[in-house]
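Inspection log for the structure reproduced underneath, given as structure tokens.
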Amino acid sequence: MVPRVDDPILDIRGLCKTYQGGLKALDGVDLAIRKGEIFALLGPNGAGKTTLIGAVCGLVRPSAGTMFAFGHDLERDWRAARRRIGLVPQEMATDMFEPVIRTVKYSRGLFGLAPDAARIEEILRSLSLWDKRDTQIRNLSGGMKRRVLIAKALAHEPELLFLDEPTAGVDVELRKDMWRQIGALRDKGVTVILTTHYIEEAQEMADRVGIIDKGRLLMVDEKAAMMARLGRTEAHITLAAPLAQMPAALAGYPVDLERDGGLLVYRGGDGTGKGRAEVAALTKALIMAGIDYVGIDIHESSLEDIFVQLIERREVAA
Ligand SMILES: Nc1ncnc2c1ncn2[C@@H]1O[C@H](COP(=O)(O)OP(=O)(O)OP(=O)(O)O)[C@@H](O)[C@H]1O
Ligand SMILES: [Mg+2]
């Protein structure tokens, strides 16, 4: 069941897209986006993320379903909604010979907004592009080009911003910088929907996460709730001497003996810290039982582990 949200800024129901040739890129997507949230859409290559964004932004014609943005039916009243929506596309489709500042000004004009030099300067400065404003786009680095796409998407001051893999191919430093900027947009009240292959990015930024695969939304939830529900703790305790069998003192703990009894493996918890507490209790029980150990590795599952599990489970079921 997809949770409904009150008064969504974007409301998608039953969205389907079958491309020419019969490929079903979207297969009955229901999604409601709250005003002011950062929503991360995660999915493997070809899952349908760009198609979904394209449908909302008027670049892909849906085969079925309805989409409302700001209460406007996107099929009938697309223009009214479109000027309030910004898109940072996955692919660069900008004139490479244009200087940075011209292309950003042009993007603003495209939506019928009056020129506003101060606003353009503010956007370029916030993306550290001001010094490059007169440089032709083809002479920028890959990361700078991505920032130009963001500047273009911000030029008409959208309330709902789509970022299709905003940080693909961007170095770690710059990626963190972009996260800060996206956070700042959210603080200004902009609603952000982003797709990413860096699950760490979703874990860092998102309020809610949707997982899409083969055109279907498998799960949509608050990030924290998703991690609490599906998260696990795994601890590897290397014993000083191998055990032939599980000691009675450990009955009741979710543990297994591996590597010929030399490794005690705990798999439990729920992503809320319960696992760590249980591992601490487990080590005390070991000491009380006179079992010595020489090392412990604890791993809390990340959103990435959850994502991989979900997609794999679907692969097995298919
Ligand atoms: N114009 C098109 N014509 C035919 N098939 C298309 C077209 N655009 C996309 N597809 C197919 O639709 C499916 C979904 O593609 P889409 O670009 O939405 O995936 P994605 O989730 O954005 O993937 P990635 O993570 O690689 O960007 C893929 O199988 C793709 O090959
Ligand atoms: Mg894509």
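Hey, what's the range 232-300 come to in accessible area per residue, 1.4 Å probe, Å²? Heavy-atom accessible area per residue stands at 57 Å².
Angle of helix 303-317 to the longest C-alpha principal axis of the chain, folded into 0 to 90 degrees and rounded to 10: 90°. Subtracting the Cα-Cα distance of PHE111 and LYS284 from their residue separation scaled by 0.36 nm leaves 55.7 nm. Highest mean packing first, where packing is the average number of other Cβ atoms within 10 Å per residue, the peptides 6-16, 153-163 line up as 153-163, 6-16.
Straight Cα distances below 19 angstrom link LYS145 to the aspartates and glutamates GLU91, ASP95, GLU98, GLU121, GLU122, ASP131, ASP134, ASP164, GLU165, ASP171, GLU173, ASP177, with same-chain residues fewer than 8 positions distant left out. The range 225-285 and the range 15-33 have their alpha-carbon centroids 43 Å apart. Based on protein heavy atoms only, the range 10-228 ends up with 45 Å² per residue of surface accessible to a 1.4 Å probe. Against the chain, whose longest principal axis is taken from its Cα atoms, helix 274-288 shows a tilt of about 20°.
In the chain, the DSSP beta bridges split such that about 70 percent are antiparallel, to the nearest 5. Taking Lys and Arg as +1 and Asp and Glu as -1, the other residues whose beta-carbon sits under 12 Å from that of ALA114 total +1. Based on the Kirkwood approach, the hydrodynamic radius assigned to the chain is 22.2 Å, with every pair of different Cα atoms included.
A Förster distance of 51 Å, applied to the separation of the beta-carbon atoms of ASP292 and ASP187, puts the FRET efficiency at 0.50. Shown for the range 262-304 is the translational diffusion coefficient from the Stokes-Einstein equation, using the Kirkwood radius over Cα pairs, a temperature of 4 °C and a viscosity of 1.567 mPa s: 113 µm²/s.
Net charge in the neighbourhood of SER126 (other residues with Cβ under 12 Å of its Cβ; Lys, Arg +1, Asp, Glu -1) is +2.
If I fit a long axis through the Cα atoms of helix 100-110 and take the longest principal axis of the Cα atoms of the chain, what angle between them do I get, 0 to 90°, rounded to 10? With rounding to tens, the tilt is 70 degrees. Size descriptors for the range 156-218, from the alpha-carbon set: Rg then Dmax equal 12.2, 34 Å. Sorted on the mean count of surrounding Cβ atoms within 10 Å across their residues, most packed first, peptides 186-192, 207-213 read 207-213, 186-192. Label zone (ARG138, point 7 Å along Cα-to-C-beta; backbone nitrogen cut-off 13 Å) within the range 79-99: 94-99. Taking only protein heavy atoms and a 1.4 Å probe, the accessible area of the chain is 51% carbon and sulfur. Could you work out [θ]222 nm for the chain from helices alone, using -39500 (n - 2.57) per DSSP H run of at least four and dividing by all its residues? Round to the nearest 500 deg cm²/dmol. -10000 deg cm²/dmol, from helical runs alone. The tail of the calculated P(r) for the range 41-132 beyond 23 Å holds 40 percent of all Cα-Cα pairs. Here's the picture: a label point sits 7 Å out from the Cα of ALA241 along the beta-carbon direction, and within the range 286-315 the residues with their amide nitrogen under 13 Å of it are 290-293. Using the empirical formula 2.2 N^0.38 Å as the baseline, the Cα radius of gyration of the range 232-300 reaches a ratio of 1.00. Count Lys and Arg as plus one, Asp and Glu as minus one, and take only other residues whose Cβ is under 10 Å from that of GLY275; the net charge is then 0.
The values are calculated or read from the model by the stated rules, or taken from the named source; none is laboratory data. If you're wondering where the values come from, they're calculated on a predicted model, not measured in any experiment. Here the Cβ is made from the backbone with ideal geometry for all residues, glycine too, and neighbour counts use every protein chain on show. Protein only, heavy atoms only, side chains kept; ligands, DNA and RNA dropped before computing areas. Shrake-Rupley method; radii C 1.70, N 1.55, O 1.52, S 1.80 Å.
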